[in-house]
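First the structure, in the form of C-alpha coordinates, and then the observations on it.
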Amino acid sequence: QDFNLPSATTVCIPDCGFTANPKELVLPQEKTTVSWDCDGADSCELSGDVLPADQSKMGNVNPLKGSVNVSLNKPTTFFLACKNQDGQLFKTTSVDFLKPRWREITPL
(Lines give C-alpha, C1' and ligand atoms only; values in the text may rest on other atoms or scores of the structure.)
Protein backbone atom coordinates (compact mmCIF):
# COMPACT_ATOMS: atom_id res chain seq x y z
CA GLN A 1 0.00 0.00 0.00
CA ASP A 2 1.39 3.44 -0.95
CA PHE A 3 0.72 6.15 1.63
CA ASN A 4 2.27 8.91 -0.53
CA LEU A 5 4.74 9.89 2.23
CA PRO A 6 7.57 12.32 1.43
CA SER A 7 11.03 10.81 1.11
CA ALA A 8 13.51 11.43 3.91
CA THR A 9 17.00 12.81 3.32
CA THR A 10 19.84 12.43 5.79
CA VAL A 11 22.14 15.44 6.11
CA CYS A 12 25.49 15.01 7.81
CA ILE A 13 27.54 18.17 8.21
CA PRO A 14 31.12 17.77 9.48
CA ASP A 15 31.72 17.32 13.21
CA CYS A 16 35.03 18.69 14.53
CA GLY A 17 36.88 19.12 17.79
CA PHE A 18 39.04 22.26 17.80
CA THR A 19 41.41 23.42 20.56
CA ALA A 20 44.47 25.50 21.36
CA ASN A 21 46.93 24.36 24.01
CA PRO A 22 47.98 26.25 26.01
CA LYS A 23 45.10 28.73 25.90
CA GLU A 24 47.04 31.30 27.94
CA LEU A 25 50.53 32.61 27.19
CA VAL A 26 52.75 34.92 29.23
CA LEU A 27 55.45 36.27 26.91
CA PRO A 28 55.38 37.39 23.27
CA GLN A 29 56.67 34.77 20.82
CA GLU A 30 55.53 31.90 23.05
CA LYS A 31 53.97 29.02 21.15
CA THR A 32 50.59 27.38 21.25
CA THR A 33 49.43 24.28 19.41
CA VAL A 34 46.17 24.56 17.49
CA SER A 35 44.63 21.11 16.88
CA TRP A 36 41.56 19.75 15.12
CA ASP A 37 39.98 16.34 14.66
CA CYS A 38 37.05 16.02 12.23
CA ASP A 39 34.57 13.44 11.04
CA GLY A 40 32.91 13.79 7.65
CA ALA A 41 34.80 16.84 6.37
CA ASP A 42 35.92 17.05 2.74
CA SER A 43 37.92 20.27 3.22
CA CYS A 44 38.95 22.56 6.08
CA GLU A 45 40.46 26.03 6.29
CA LEU A 46 42.32 27.45 9.29
CA SER A 47 42.62 31.19 9.93
CA GLY A 48 43.14 33.64 12.76
CA ASP A 49 42.06 37.18 13.56
CA VAL A 50 45.71 38.07 14.33
CA LEU A 51 47.89 36.04 12.01
CA PRO A 52 51.14 34.56 13.30
CA ALA A 53 54.40 35.47 11.61
CA ASP A 54 54.47 32.11 9.82
CA GLN A 55 51.31 32.49 7.75
CA SER A 56 52.12 29.37 5.71
CA LYS A 57 50.52 27.36 8.53
CA MET A 58 47.16 29.00 7.82
CA GLY A 59 44.81 28.24 4.94
CA ASN A 60 43.76 24.84 3.61
CA VAL A 61 44.59 22.08 6.08
CA ASN A 62 44.07 18.32 6.38
CA PRO A 63 40.28 17.85 6.73
CA LEU A 64 40.57 14.84 9.04
CA LYS A 65 43.11 15.69 11.72
CA GLY A 66 46.05 17.97 12.28
CA SER A 67 47.86 20.50 14.40
CA VAL A 68 50.11 23.51 13.95
CA ASN A 69 52.48 25.22 16.37
CA VAL A 70 52.31 28.99 16.16
CA SER A 71 54.16 31.82 17.92
CA LEU A 72 51.93 34.71 18.96
CA ASN A 73 52.46 38.32 19.99
CA LYS A 74 48.82 39.19 20.73
CA PRO A 75 45.65 37.48 21.93
CA THR A 76 44.28 35.57 18.95
CA THR A 77 41.09 33.78 17.98
CA PHE A 78 41.55 30.95 15.51
CA PHE A 79 38.80 29.86 13.12
CA LEU A 80 38.25 26.45 11.57
CA ALA A 81 35.77 26.19 8.68
CA CYS A 82 35.06 22.68 7.40
CA LYS A 83 32.61 21.58 4.76
CA ASN A 84 31.26 18.62 2.86
CA GLN A 85 28.46 18.18 0.32
CA ASP A 86 25.80 18.58 3.04
CA GLY A 87 26.99 21.80 4.67
CA GLN A 88 29.58 23.70 6.69
CA LEU A 89 30.77 23.80 10.27
CA PHE A 90 32.52 26.76 11.91
CA LYS A 91 34.52 26.49 15.15
CA THR A 92 36.63 28.96 17.13
CA THR A 93 39.27 28.70 19.83
CA SER A 94 41.09 31.58 21.53
CA VAL A 95 44.52 32.16 23.04
CA ASP A 96 44.99 34.98 25.55
CA PHE A 97 47.99 36.57 27.25
CA LEU A 98 48.14 36.67 31.02
CA LYS A 99 49.05 39.96 32.57
CA PRO A 100 52.06 39.55 34.87
CA ARG A 101 51.43 40.44 38.48
CA TRP A 102 53.89 42.87 40.00
CA ARG A 103 54.60 42.60 43.61
CA GLU A 104 56.86 44.89 45.58
CA ILE A 105 59.21 43.17 47.93
CA THR A 106 60.66 45.34 50.67
CA PRO A 107 63.82 44.33 52.52
CA LEU A 108 63.47 43.52 56.20
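The values are calculated or read from the model by the stated rules, or taken from the named source; none is laboratory data. All figures in this text were calculated on a predicted structure; none of them were measured in a lab. So basically every Cβ, Gly included, is an ideal-geometry build from the backbone, and we count neighbours across all protein chains shown. These area figures cover heavy atoms from the full protein model, side chains too; ligands, DNA and RNA do not enter into them. Shrake-Rupley method; radii C 1.70, N 1.55, O 1.52, S 1.80 Å.
For the stretch 1-25, give me each residue that is part of a strand (DSSP E or B) and free of Cβ contacts under 8 Å to residues at least 12 places away in the same chain.
Let us first name the residues in the stretch 1-25 that are part of a strand (DSSP E or B), namely 15-21, 24-25.
None - no residue of the stretch 1-25 is part of a strand (DSSP E or B) and free of Cβ contacts under 8 Å to residues at least 12 places away in the same chain, so the list stays empty.
For the stretch 28-42, which residues satisfy the criterion of being of a type in the set (A, V, I, L, M, F, W, C) and within 17 Å of residue 78 (Cα to Cα)?
Here is the first cut: in the stretch 28-42, the ones of a type in the set (A, V, I, L, M, F, W, C) are 34, 36, 38, 41.
Selection gives 34, 36, 38.
Just for the stretch 89-101: of the residues that are of a type outside the set (D, E, K, R), open to solvent by less than 100 Å² (accessible area, probe 1.4 Å) and under 18 Å from the mean Cα position of the chain (by Cα), which one is nearest to residue 69 (Cα to Cα)? Explain how you work it out, then say what you get.
Step one: list which residues in the stretch 89-101 are of a type outside the set (D, E, K, R), which gives 89-90, 92-95, 97-98, 100.
Next cut, open to solvent by less than 100 Å² (accessible area, probe 1.4 Å) only: 89, 92-95, 97-98, 100.
Narrowing further to those that are under 18 Å from the mean Cα position of the chain (by Cα): 89, 92-95, 97.
On the way: 89: 23, 92: 16, 93: 14, 94: 14, 95: 12, 97: 16 Å.
Among those residues, the one meeting the criterion is 95.
If you go through the stretch 26-42, how many residues are in a strand (DSSP E or B) and open to solvent by 50 Å² or more (accessible area, probe 1.4 Å)?
Narrowing the stretch 26-42 to residues in a strand (DSSP E or B): 30-39.
Now narrow it down to the ones that are open to solvent by 50 Å² or more (accessible area, probe 1.4 Å): 30-31, 37, 39.
Residues meeting the conditions: 4.
Please verify whether residue 66 is within 20 Å of residue 92 (Cβ to Cβ), small (Gly, Ala, Ser) and open to solvent by less than 30 Å² (accessible area, probe 1.4 Å), treating the condition exactly as stated.
Numbers: within 20 Å of residue 92 (Cβ to Cβ): yes; small (Gly, Ala, Ser): yes; open to solvent by less than 30 Å² (accessible area, probe 1.4 Å): yes.
Taking the combined requirement at face value, the residue satisfies it.
For the stretch 1-46, which positions are closer than 27 Å to residue 65 by Cβ and more than 20 Å from the chain's Cα centre (by Cα)?
10, 11, 12
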